[in-house]
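The following block contains the structure, expressed as C-alpha cells.
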Amino acid sequence: MIPDQPLGIVELVMQSSMMAKCVLLILCFFSITSWAIMLNKYFVYKAAKNEDSKFLEVFSKNENLTQIYNFAKKLRLSPLARLFLTGYRELYLFQAMAKEDREKSGGLPLSSGERLTERDIKGISLALNKSINREVERFSKRLEFLATTGSTTPFIGLFGTVWGIMHSFRSIGIQGTASIGGVAPGIAEALIATAAGLGAAIPAVIFFNYLNNKVFVLTSSMDDFCQDFIYLAEKNFTPFQKKDAQTKTERKKATKPKVIEKQAK
C-alpha cells in the first residue's frame with residue numbers, strides 16, 4: 001500500500017536494511033574525513049603562500065643573511081623560509097669546517113669570511129634537495145586519502161545500490177506481487193547509496209587535483225629558490241667565482257688589440 005505522505009530521506013535511511021546503513025555509515029566517514037582534509041589543506045596552502053611572499057620580500061631587499069635567518073625562523077608554514085634555514089645552517093657548518101682546516105694548516109684569518117670549495121657547494125645543494133623532498137612530503141601528506149575516497153566510494157555506493165535492488169526483488173518474492181509499494185523502498189535505498197557515493201567522491205577528486213597542482217607550484221618555487229641560494233653561496237663564499245671574473249677580464253683585454261689591428265688594416 002502506498003503511503004499518503006512520501007517518505008523523507010531520513011525515514012528511508014531509518015527503514016533501510018542493516019547492510020544499507022553500514023554502507024551509508026562508511027560513506028559518511030569517508031565524506032567527513034575528506035572534507036576535514038580538504039579544508040585544512042586549503043587554509044595551510046593559503047597561509048604558506050602568504051608567508052612565502054613575505055619571506056621573498058625580505059630576502060630580496062636584505063643582504064644580511066643573519067637578519068634573513070632571524071626573520072625566517074618566525075615563519076612556520078613557509079616552505080621557502082624552511083628551505084633557507086636549511087641552507088643557512090649548512091653554509092654556517094661548512095664555513096666552520098673551513099675555518100677549522102685553515103687554523104690547523106696555520107693560515108691567516110680572512111677578512112671577507114671563510115671560503116668554500118666546490119665540494120662544499122655540492123654538499124649544500126644536496127641538503128637543499130633533501131629539504132625540498134621533506135617539504136613536498138609534508139604538503140602532500142594525507143592527499144592519498146582523497147585519492148582513495150575518489151576511487152573507492154563510487155564502488156561502495158554501487159554495492160549499496162546492488163544490495164537495495166536485491167532487497168526489492170526479495171520483497172517482490174515474499175509478497176508475490178510486483179506492486180510499486182513493495183519495490184519502492186528498496187529502489188529508494190539503492191538510489192540513496194548511489195547518491196552518497198557520488199557525493200563523497202566528486203569533491204574528493206576535485207580537491208585532490210586542485211591540491212596536487214598547489215604542491216606542484218610550491219615545488220617549482222622551491223627549486224627556483226634552491227638555485228638562487230646556490231648562486232648566492234657561490235658568488236659570495238667561493239674563490240673560483242673571482243677567478244672566473246678575472247679570467248673574463250683578461251680575455252677582454254687580450255681581444256682588444258686584435259680588433260684594433262683589423263681596423264688598422
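Which pairs do you get when a residue that is not in a helix (DSSP H, G or I), found in region 48-65, comes within reach of a residue that is not aromatic (Phe, Trp, Tyr), reach meaning Cβ atoms under 6 angstrom, with the pair 6+ apart or on two chains?
ASN62/ILE68
State all residues of region 125-146 that are surrounded by 19 or more Cβ atoms within 10 Å (Cβ to Cβ) and of a type in the set (Val, Ile, Thr); if no residue qualifies, say none.
ILE132
Give the residue, chosen from VAL215, VAL205, that is assigned to a helix (DSSP H, G or I), under 30 Å from GLY87 (Cα atoms), of a type in the set (A, V, I, L, M) and at pLDDT 70 or above.
VAL215
Can you name every residue in region 66-91 that is in a loop (DSSP other than H, G, I, E, B) and within 30 Å of PHE145 (Cα to Cα)? Give the derivation first.
Kept after step one, since they are in a loop (DSSP other than H, G, I, E, B), are these residues of region 66-91: 73-78.
Result: LEU75, ARG76, LEU77, SER78.
Which condition number does ILE187 fail, the rest of (1) surrounded by fewer than 17 Cβ atoms within 10 Å (Cβ to Cβ); (2) part of a helix (DSSP H, G or I); (3) at pLDDT below 70; (4) in contact with a helix residue (DSSP H, G or I) (Cβ under 6 Å, 6 or more places away or on another chain) being met?
Of everything listed in (1) surrounded by fewer than 17 Cβ atoms within 10 Å (Cβ to Cβ); (2) part of a helix (DSSP H, G or I); (3) at pLDDT below 70; (4) in contact with a helix residue (DSSP H, G or I) (Cβ under 6 Å, 6 or more places away or on another chain), ILE187 misses just condition (3).
Just wondering, is there one or more residues in region 134-147 that are within 16 Å of the chain's Cα centre (by Cα), modelled with pLDDT of 90 or more and on the phi > 0 side of the Ramachandran plot? I'd like the intermediate steps shown before the answer.
Step one: list which residues in region 134-147 are within 16 Å of the chain's Cα centre (by Cα), which gives 134-147.
Those still in the list that are modelled with pLDDT of 90 or more too: 134-147.
Filter once more, keeping what is on the phi > 0 side of the Ramachandran plot: 142.
Checked against the condition, which is being within 16 Å of the chain's Cα centre (by Cα), modelled with pLDDT of 90 or more and on the phi > 0 side of the Ramachandran plot, region 134-147 yields at least one hit.
Would you call ARG89 under 18 Å from CYS226 (Cβ atoms), at pLDDT 90 or above and over 23 Å from the mean Cα position of the chain (by Cα)? Before the answer, list the steps.
On the way: under 18 Å from CYS226 (Cβ atoms): yes; at pLDDT 90 or above: yes; over 23 Å from the mean Cα position of the chain (by Cα): yes.
So ARG89 passes the test.
Across region 24-57, which residue is surrounded by the fewest Cβ atoms within 10 Å (Cβ to Cβ) among those that are small (Gly, Ala, Ser) and within 30 Å of VAL162 (Cα to Cα)?
Result: ALA36.
If you check every pair at least six apart or on different chains, which have Cβ atoms under 7 Å apart with a residue in region 206-220 that is closer than 11 Å to TYR45 by Cβ first and a residue that is surrounded by 13 or more Cβ atoms within 10 Å (Cβ to Cβ) and basic (Lys, Arg) second?
Note: pairs meeting the criteria are LEU211/LYS41.
The values are calculated or read from the model by the stated rules, or taken from the named source; none is laboratory data. Since the structure is predicted, the reported quantities are computational estimates derived from the model, not experimental observations. So basically every Cβ, Gly included, is an ideal-geometry build from the backbone, and we count neighbours across all protein chains shown.
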